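Report on the structure given below.
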Amino acid sequence: MSVSGYGGLDAVELERLHAATLHVLERVGLEVRDAASLDLLAAAGARVDGTRARIPARLVEEAVAAAPGSFTLPGRAGDGSLDRTVAPGSGLFGNGTDCLYFRDTRSGERRRAVLADVETTAVVCEQLENIDFVMSGVLPEDVPLDRLDLAQFAALLKGTRKPLVIAPATAGETLPAMLEMAEAAGRRDSFAVLGMSNPPLILDAACLGKARACAAAGVPYICGPSDSLGTTAPASVAAAVVLGHAETLGVLIVHQLAQPGAPFVYGSGAGSAFDMQTFVDVWVSPEGILGSGAATQLATSLGLPSWDYAGYGDAKALDSQLAAELAATTLFAGQSGASMYHDVGEFESGVQNSLESVVLGDVMVGFARRLRAGFVVDDETLQLDDIEAVGPGGSFLSRPYTRRRHRDSWRSPVFDNGTHERWVAAGRPTFEDRLREAALRLLAGRRPVLDGEAAAAVDRAWLEDGSP
């Protein structure tokens, strides 16, 4: 018996989880609710009975071998400065997607999200140093459902040049239009698509349709499970990891059968803990974090890029609970070795979003990255000559090395490191006040990322009569 904690899983534990998953795929199988995917699986040697597909280990091995270990997700900066390499351990961070509610930056009101919130979120993310890719943030209520995918995509293209990750509600039907919109905005291949399985062990037409469409078009596809301890998975972290692993590998197989070598990202997310008292799927739980970390390790052991969570919370407001949750989840993510981390800034268990929380998430990502970078030990940094020159009881304040390097220390743009007197003189601003001011400064600093002709072109894809 082995007990796996924060330090991660060893090779024996990883192999045991993978072997258990192969057992589930072959003996239990997956419910595959997509006729074209069933045909691909049957032709490849899976045992198909109705909509149940039992998958041999050989298909897993072939799909893993075919999938690329890394790829480039381009931005639209023109000079390549926003391009990002997605690979095991690349540690890219992005905001979240499709929250129903938005906390209005000026009024502080929690309200239903609208399309303008997608664009303002993108505008802020464009300027945040530690946000590498951008998602919609919210699910706007003021757009017809049949135009939702393209409306969100247009708003993102108008707000940022960074790589995008979009989570279409459709089964891939809108992908051709998205490719045209991205090309009009400057880079056809500047986005990836997110899909999710339907636990336990169900792959529906939306998930698989997106996977096949992305494979055919060469658009990177991210598949994330969301098994929850005690409801859609047994009340066991290990079992939840196995179920999520099985679902993701099932999608990978279909994806690679559709187009071998197409870029794929293994999504972790197994192991959130359902609270039987509140009937809420608790997002920030040690069990969920351990499960996601284990899934990341499994992906890395297979040589696949991975997708994990960071910078999120269950708090209902911009309060001390949220600050603690964002800090804990981001600091753990900074050490876990995933390729891409999403949902930075989401709270209320994935229901609410805000500009302020994304700003705070960006700060915590910067803190985590500085910790992960460590420090250098060499002749220059040891500074033995300075230590000898200053001696006991002296000060290094005026030394040349201090003057050259003191700005290298990480500083937060929103944490208050001053004196109490200065804080009082400034009007006793709260942490929430500073976050709001930072968000409003970023909004005021917006610069257009598309010219008028390109903006009109991306809007035409979803505007049928000239208005939302």
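Derivation of every value follows stated rules applied to the coordinates shown; laboratory data play no part. Keep in mind the model is a prediction, meaning the values are calculated, not measured. Counting neighbours? That spans all protein chains shown, and the Cβs are built from the backbone with ideal geometry, glycine included.
Key figures
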{"quantity": "Segments 358-364, 62-68, 150-156 sorted - mean Cβ within 10 Å per residue, highest first", "calculated": "358-364, 150-156, 62-68"}
{"quantity": "Gain in span if fully extended, residue 384 to residue 444, counting 0.36 nm per residue against the direct Cα distance", "calculated": "16.9 nm"}
{"quantity": "Degrees between helix 148-159 axis and first principal axis of the chain (Cα, 0 to 90, nearest 10)", "calculated": "30 degrees"}
{"quantity": "Amide hydrogen neighbours beyond the local backbone of residue 341, cut-off 5 Å, H modeled", "calculated": "92, 93, 94, 308"}
{"quantity": "Neighbour-count ranking [beta-carbon atoms within 10 angstrom, fewest first] of 314, 117, 79, 385", "calculated": "79, 385, 314, 117"}
{"quantity": "Ascending count of other beta-carbon atoms within 10 Å, so fewest first, for 141, 247", "calculated": "141, 247"}
{"quantity": "Charge sum, other residues only, whose C-beta stays under 11 Å from residue 9's C-beta, Lys/Arg counted +1 and Asp/Glu -1", "calculated": "-2"}
{"quantity": "Label zone at residue 371 (point 7 Å along Cα-to-Cβ), backbone N below 11 Å, segment 309-339", "calculated": "327-336"}
{"quantity": "Karplus-derived 3J(HN,Hα), 6.51/-1.76/1.60, for each residue of segment 290-298, Hz, glycine and proline x", "calculated": "5, x, 5, x, 5, 4, 4, 4, 4"}
{"quantity": "Whole-Hz ³J(HN,Hα) from phi, Karplus 6.51 cos²θ - 1.76 cosθ + 1.60, for segment 431-437, glycine and proline x", "calculated": "4, 4, 4, 5, 5, 4, 4"}
{"quantity": "Difference of contour (0.36 nm per residue) and Cα-Cα distance, residue 109 to residue 406", "calculated": "102.8 nm"}
{"quantity": "Value at 222 nm in deg cm²/dmol, rounded to 500, when DSSP H runs of n ≥ 4 in the chain each add -39,500 (n - 2.57)", "calculated": "-13500 deg cm²/dmol"}
{"quantity": "Efficiency of FRET between residue 432 and residue 42 - r from beta-carbon atoms, R0 56 angstrom, step 0.05", "calculated": "0.50"}
{"quantity": "Enclosed volume per residue, in Å³, of the convex hull spanned by Cα atoms of segment 135-223", "calculated": "95 Å³"}
{"quantity": "Difference of contour (0.36 nm per residue) and Cα-Cα distance, residue 35 to residue 145", "calculated": "37.1 nm"}
